[in-house]
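Asker: What follows is a single structure, and I will ask about it in a moment.
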Amino acid sequence: MLGRSLREVSAALKQGQITPTELCQKCLSLIKKTKFLNAYITVSEEVALKQAEESEKRYKKGHSLGDLDGIPVAIKDNFSTSGIETTCASNMLKGYVPPYNATVVQKLLDQGALLIGKTNLDEFAMGSGSTDGVFGPVKNPWNYSKQYREKRKQKPHGENEDSNWLITGGSSGGSAAAVSAFTCFAALGSDTGGSTRNPAANCGVVGLKPSYGLVSRHGLIPLVNSMDVPGILTRCVDDAAIVLGILAGHDPKDSTSVQDPVKPFMLPNLTDLSKLCIGIPKEYLVPELSSEVQSLWFKAANLFESGGAKVIEVSLPHTSYSIVCYQVLCTSEVASNMARFDGLEYGYRCDIDVSTEAMYAATRREGFNDVVKGRILAGNFFLLKENYENYFIKAQKVRRLIANDFVNVFNSGVHVLLTPTILSEAVPYVEFIKEDNRTRSAQNDIFTQAVNMAGLPAVSVPMALSDQGLPIGLQFIGRAFCDQQLLTVAKWFEKQVQFPVTQLQELIDDHQSFKMKS
């Protein structure tokens, strides 16, 4: 049951094959068994079971609220959840319990979803490994999969097996791991420069970053207001479309959300690809790209071509400036957003009471980790009166050029761009931490952050397993607000590649509850 898609499990609930409470308990027991993955910061067991009870009453009366009624979902711990601690994986917000729900959380609850827990992340979502939060790093479920273990056996390795575990990517690594390990059916992440697509690629799940403005940001604790988007992590493209249909639409509490009414996103099955034009950006073929990812990328292009689509090479000429531009804008907005954490109204406050200034300084010194402090310092440097024109304003202009690159390509008749999501498969933690957070983020956001600066929709879809038995995902980028078209193309691709299910039997002794549908 746990390996099924949203739609399948929803049908099973409607037919009474399983009750919401049973489903919830299965997920909760699996969360306990996979605790060592560190995917969850808070497991909201009581809340979820109470919601399941309510859901059960509705099903008995035949009044189900929709596809998500009675279905366990997880929420990244930078979305406000009323009555449930929301920490952003930082000491600064340890013990903070929001008085309200983020709009996206509320929308899920209104549909009868069960809030099973809050997932782990990099502190304040700053990072690309899910290794820098105060609750420790998240481990990749594929590390324990049969596919990876069998490949490992063939290689001689003297090192301690346990110290060589793989990262999930980030910053929404907890959500990606939660979905990948079957502990929930969908999870919310956030995506500022790739934070949903990156862990999706590392964990072999679907990671959707909707168009900027399509989904409300109200209650998502902000990192970069002009780029943040709530992301969706699921095990298949159809499931992501179901969740997007529920979340999309105008929110009076978010002035940047779209004004037009949004229809549910039902994805048609593509049969005729002859009218479809796929673009391959030549600037994305970088020397750092692993040969395996590169060959799968080209293989995917051939797949579309043989399916009847037109596949052309395109140019996004300002790509090389993109990551630098992103870092200037990102840190500048971070510096501004982080000013609210001062120890006065909520969150952590230090014991120093010499003066308000001393209290501010000590609170921020003790509350934030070095990564967050580093980004605040960099951002404030770019925003200094003498630097503002040379850095911030210049970066805004470059951002416009980057967005225009995409506009030009889409105006030339291209419908969807096909690119890698990240440079390689998941790497071991010990490897990953050899470089600092900033360097790693710059490397890992290379294919993803330009999409955030341009406000476009993008989705990472798992394609195949590497020689090591680890998932490799590819990214599809769509025209602004053409999320449905993007997902329709992604769904066709997903059907062609038939990505394998994670086999986690060895991870859990009691794998009877884990019988995947064959």
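The values are calculated or read from the model by the stated rules, or taken from the named source; none is laboratory data. Every value quoted in this text rests on a predicted model; they were computed, and no experiment measured them. Reconstructed Cβ throughout: ideal geometry from the backbone, glycine too, with neighbour counts over all protein chains shown. The protein model used for the area step is the full one, side chains on, heavy atoms only, and it has no ligands, DNA or RNA in it. Shrake-Rupley method; radii C 1.70, N 1.55, O 1.52, S 1.80 Å.
Asker: Return the distance in nm (one decimal) between the two label points of a simple spin-label model at SER274 and ASP260, each offset 7 Å from Cα along Cα→Cβ.
Answerer: 2.8
Asker: Let me ask something additional. Taking +1 at the Cβ of each Lys and Arg and -1 at the Cβ of each Asp and Glu, which of SER180, GLY204, GLY62 sits farthest along the dipole of the chain towards its positive end, judged by Cα position relative to the Cα centre?
Answerer: Going by the charge dipole, the pick is GLY62.
Asker: Right, next: Looking at the chain from every direction and averaging, what is the projected area of its Cα convex hull in nm²?
Answerer: 24.3
Asker: Which sequence of LYS35, LYS151, LYS76 reflects their accessible areas, 1.4 Å probe, from the largest down?
Answerer: Final ranking, largest accessible area leading: LYS35, LYS151, LYS76.
Asker: If you count only protein heavy atoms and use a 1.4 Å probe, how large is the accessible surface of LYS495, to the nearest 10 Å²?
Answerer: My reading of the accessible area for LYS495 is about 130 Å².
Asker: What is the packing order of peptides 134-144, 301-311, 102-112, taking the mean over residues of other C-beta atoms within 10 Å and listing the highest first?
Answerer: So the peptides 134-144, 301-311, 102-112, ranked by packing, come out 134-144, 102-112, 301-311.
Asker: Leaving out same-chain residues fewer than 8 places away, which lysines sit with a Cα under 27 Å from that of LYS275?
Answerer: By straight Cα distance, LYS275 reaches LYS209, LYS263, LYS299, LYS310, LYS491, LYS495.
Asker: Further, regarding this structure: Could you order VAL407, VAL293 by accessible surface area, starting with the largest, using a probe radius of 1.4 Å?
Answerer: Ranked from most to least accessible, the order is VAL407, VAL293.
Asker: Would you calculate the separation in nanometres between label points at TYR346 and SER291, each defined as 7 Å from the Cα along the Cα-to-beta-carbon direction?
Answerer: In this crude spin-label approximation the distance works out to 5.2 nm.
Asker: Dipole size in debye (nearest 20) for segment 117-229 around its Cα centre, Lys and Arg Cβ +1, Asp and Glu Cβ -1?
Answerer: 440
Asker: Which value, in Å² and to the nearest 10, is the accessible area of SER412 when all protein chains are kept and the probe is 1.4 Å?
Answerer: The value for SER412 is about 80 Å².
Asker: Which value in nm describes the separation of the simple spin-label points at ARG149 and LEU377, placed 7 Å from the Cα toward the beta carbon?
Answerer: With each label point 7 Å from Cα toward Cβ, the separation is 4.5 nm.
Asker: Can you tell me the dipole magnitude for the chain around its Cα centre, using point charges on the Cβ only (Lys, Arg +1; Asp, Glu -1), in Debye to the nearest 20?
Answerer: Computed charge dipole of the chain: roughly 960 debye.
Asker: Tell me the accessible surface of ARG217 in square angstrom (1.4 angstrom probe, heavy atoms of protein chains only), to the nearest ten.
Answerer: 40
Asker: Provide LEU344, LEU270 ordered by accessible surface of protein heavy atoms (probe 1.4 Å), highest first.
Answerer: So the residues, ranked largest to smallest area, are LEU344, LEU270.
Asker: A further question on this structure: How high is the FRET efficiency from SER226 to ASN390, r the C-beta distance, R0 30 Å, rounded to 0.05?
Answerer: 0.95
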